[in-house]
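The values are calculated or read from the model by the stated rules, or taken from the named source; none is laboratory data. Every value quoted in this text rests on a predicted model; they were computed, and no experiment measured them. Glycine gets a Cβ as well: all are built from the backbone with ideal geometry, and neighbour counts include every protein chain shown. When the accessible area is computed, the model is the full protein with side chains, heavy atoms only, and any ligands, DNA or RNA have been set aside. Shrake-Rupley method; radii C 1.70, N 1.55, O 1.52, S 1.80 Å.
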Amino acid sequence: MSHTILLVQPAPKPESRTYTDYESVNECMEGVCKIYEEHLKRKYPEIPSITYDISQLFEFIDQLADLSCLVYQKSMNAYAPYNKEWIKEKIYILLRRQAARS
């Protein structure tokens with residue numbers, strides 16, 4: 001359980017930057033999925049149940065101006081930065097685990 005800060009910049013304008021913090025990396029990755037799901041709900045308000053696959057989620061991540069994480073490293077007593085590719089890898093692992101359970 002490492003405190004994780006998600007930094008999101010959906011548009012090129014710096015004013016679009018936001019951040020959210022989570023108790024763990026997994027919670028943060030679930031948060032990224034929720035951001036995409038909220039995006040889909042706004043884009044398709046008439047569809048009651050929206051499904052998507054991981055390639056669509058990754059496309060969404062790629063089109064964001066910036067997306068990164070700061071993960072607390074107890075050994076260094078500091079936050080380590082991670083980029084979009086790292087986030088996509090962690091999401092893939094998380095979703096694969098969830099699929100294996102069901």
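Hey, which lysines would be in cross-link range of LYS41, C-alpha to C-alpha under 22 Å, not counting anything within fewer than 8 residues on its own chain?
LYS88
Taking the mean number of other Cβ atoms within 10 Å as a proxy for protection, how do you rank 66-77, 82-93, 27-38 from highest to lowest? If you can, show how the numbers build up before the last one.
Values: 66-77: 13.8, 82-93: 15.6, 27-38: 17.4.
Packing order, densest peptide first, comes out as 27-38, 82-93, 66-77.
Extension gain ILE93-TYR72, at 0.36 nm per residue separation less the Cα-Cα distance, in nm?
Additional length available on full extension: 5.6 nm.
So what is the calculated 222 nm ellipticity per residue for the chain, using -39500 (n - 2.57) for each DSSP H run with n of 4 or more, over all residues, to the nearest 500 deg cm²/dmol?
Counting only the DSSP helices, I get -15000 deg cm²/dmol.
For the chain, which whole percent of the accessible surface, found with a 1.4 angstrom probe, sits on carbon and sulfur atoms?
53 percent
Using alpha-carbon pairs under 8 Å, 6+ residues apart, how would you state the relative contact order of the chain in percent?
32 percent.
Can you bin the chain into rounded, prolate or oblate? Criterion: square roots of the alpha carbon gyration tensor eigenvalues sorted a ≥ b ≥ c, rounded for a/c under 1.5, prolate for a/b above b/c, oblate for the rest.
It comes out oblate by the Cα gyration axes.
Just need the Rg to Rh number for the stretch 1-47, please, alpha carbons only, Kirkwood Rh.
Checking Rg against Rh, the ratio lands at 1.06.
Roll a 1.4 Å probe over the protein chains and send me the accessible area per residue for the chain in Å².
In whole numbers, the chain has 68 Å² accessible per residue.
State the Cα centre-to-centre distance between the stretch 17-47 and the stretch 48-66 in whole Å.
10 Å
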